[in-house]
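Student: One structure is given below, represented as structure tokens, and several questions about it will come after.
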Amino acid sequence: MKKNINLENPYKGINLKDYHIEKRRLQLELLNIQQEVVNKGQRMCIIFDGRDAAGKGSTILRFTEKLMPKYYRIVELGIPTPKESKWWFHRYEKQLPKKGEIVFFDRSWYNRALIEPTMGYCTQQQYEYFMKKVLKWEHKLIDGGLKLVKFYLSVDIDQQLVRFHERLADPLKFWKFSENDLYARKKWEKYTKYKNQMFMHTSSDKSPWITVNSNSKIEARLNCMLYVVRLYRDEKFVPLTGVDVSNQYSVEVDGVLFEELNSLQYETLKQLVGRKSKR
């Protein structure tokens, strides 16, 4: 088995201004990736797993912020029915992307390798069957043309608690917290054991786990986007080297060149030039 890939972090300590500039650069490349997926009828699946409050949902939102809504879906499945629990892979096969579509999973079929055995939501037999079959299932999908990326967002125990407190204190985020989060927290070491087993037995050359330190949400978001951009768009993409893509216009007024304008500034000056030419 191939070891999971631990991403390096070129964004360590990034400030908010540079974060927004880099996020926009990466989102432009992600939009180009989506256009290729649509034009070539490809199928792409990006999954995000990790503990509660690891930043899965917020990372997906940054991925999709500038994408064409018609050609992507976000899948976040609830508690499985007894039938879905029995036919585990089929539950997720129904949600996989169609041609020309990207699907993002906020938690994936790997619930059966992580939270379900930790919390006792599945039997030992169900867990062992999943661990035995999952890579063969993924390899078959990949051989059939599916582009699959598996992210695991890793948050430490102290940072998770900070985020729980933030949720409880925020009237717009309190609903994200439940008592079950605290119950799962008490099983931290048991979850860690299953996580390590998952990495050991379900990472391969075709389908590696990509582990991302998510103690800083903004760094994790950029690192995930950077990995996808390098994998499917530009393997030589260099972080933090571009100009703000919103400031790439220039115009000359009365012999003076105005550069690095945003679109609003550019249009305003163009109108001024137009009025002058009519006099």
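The values are calculated or read from the model by the stated rules, or taken from the named source; none is laboratory data. Nothing here was measured: the structure is a model prediction, and the numbers come from that model. Please note: Cβ atoms are built from the backbone with ideal geometry, for glycine as well, and neighbour counts cover all protein chains shown.
Student: Just one of (1) surrounded by fewer than 18 Cβ atoms within 10 Å (Cβ to Cβ); (2) closer than 20 Å to GLU76 by Cβ; (3) basic (Lys, Arg); (4) modelled with pLDDT of 95 or more trips up LYS173, so point out which.
Tutor: (4)
Student: Also, I was wondering about something else. Can you name every residue in the range 177-194 that is more than 13 Å from MET119 (Cα to Cα) and touching a residue at least 12 places away in the same chain (Cβ under 8 Å)? Spell out how you get there, then give the answer.
Tutor: At the first step, the residues of the range 177-194 found to be more than 13 Å from MET119 (Cα to Cα) are 177-179.
Result: PHE177, single match.
Student: Restricting attention to the range 176-186, does a residue exist that is exposed (fewer than 14 other Cβ atoms within 10 Å of the Cβ), in contact with a helix residue (DSSP H, G or I) (Cβ under 9 Å, 6 or more places away or on another chain) and not polar (S, T, N, Q)?
Tutor: Just the residues of the range 176-186 that are exposed (fewer than 14 other Cβ atoms within 10 Å of the Cβ), to begin with: 178-180, 182-183, 186.
When the remaining residues are screened for being in contact with a helix residue (DSSP H, G or I) (Cβ under 9 Å, 6 or more places away or on another chain), the result is 180, 182-183.
Filter once more, keeping what is not polar (S, T, N, Q): 182-183.
Yes, the range 176-186 has at least one match.
Student: Restricting attention to the range 128-142, which residues are under 17 Å from LYS193 (Cα atoms) and either crowded, with 18+ Cβ neighbours inside 10 Å or touching a Cys at 6+ places or on another chain (Cβ under 9 Å) (or both)?
Tutor: Within the range 128-142, PHE130, MET131 qualify.
Student: Then there is this: Hey, among the residues in the range 195-209 that are touching a residue at least 24 places away in the same chain (Cβ under 8 Å) and assigned to a helix (DSSP H, G or I), which one's nearest to LYS133 (Cα to Cα)?
Tutor: Applying the first criterion (touching a residue at least 24 places away in the same chain (Cβ under 8 Å)) to the range 195-209 yields 195, 197-209.
Subsequent filtering for residues that are assigned to a helix (DSSP H, G or I) retains 195, 197-201.
Numbers: LYS195: 17, GLN197: 14, MET198: 12, PHE199: 15, MET200: 14, HIS201: 11 Å.
Looking at residues that are touching a residue at least 24 places away in the same chain (Cβ under 8 Å) and assigned to a helix (DSSP H, G or I), I get HIS201.
Student: Next up: Could you check how many residues of the range 93-125 are out of contact with any strand residue (DSSP E or B) (no Cβ under 9 Å at 6 or more places or on another chain) and of a type in the set (S, T, N, Q)?
Tutor: Residues flagged as out of contact with any strand residue (DSSP E or B) (no Cβ under 9 Å at 6 or more places or on another chain) and of a type in the set (S, T, N, Q) within the range 93-125 amount to 4.
Student: Let me ask you something else. Residues to consider are ARG73, ARG107, ARG91, ARG112; find the one that is on the phi > 0 side of the Ramachandran plot and out of contact with any Leu (no Cβ under 6 Å at 6 or more places or on another chain). Spell out the reasoning first.
Tutor: Working: ARG73 fails: on the phi > 0 side of the Ramachandran plot; ARG91 fails: on the phi > 0 side of the Ramachandran plot; ARG112 fails: on the phi > 0 side of the Ramachandran plot.
The unique qualifying residue is ARG107.
Student: Shifting gears a bit: Identify, please: which residue in the range 114-138 is in contact with a helix residue (DSSP H, G or I) (Cβ under 6 Å, 6 or more places away or on another chain) and assigned to a helix (DSSP H, G or I) and is, among those, farthest from ILE79 (Cα to Cα)? Lay out the reasoning, then the answer.
Tutor: If we filter the range 114-138 for residues that are in contact with a helix residue (DSSP H, G or I) (Cβ under 6 Å, 6 or more places away or on another chain), which is where we start, we get 114, 117-118, 122, 127, 130-131, 137.
When the remaining residues are screened for being assigned to a helix (DSSP H, G or I), the result is 117-118, 127, 130-131, 137.
Working: PRO117: 14, THR118: 15, TYR127: 16, PHE130: 17, MET131: 20, TRP137: 22 Å.
Here the residue is TRP137.
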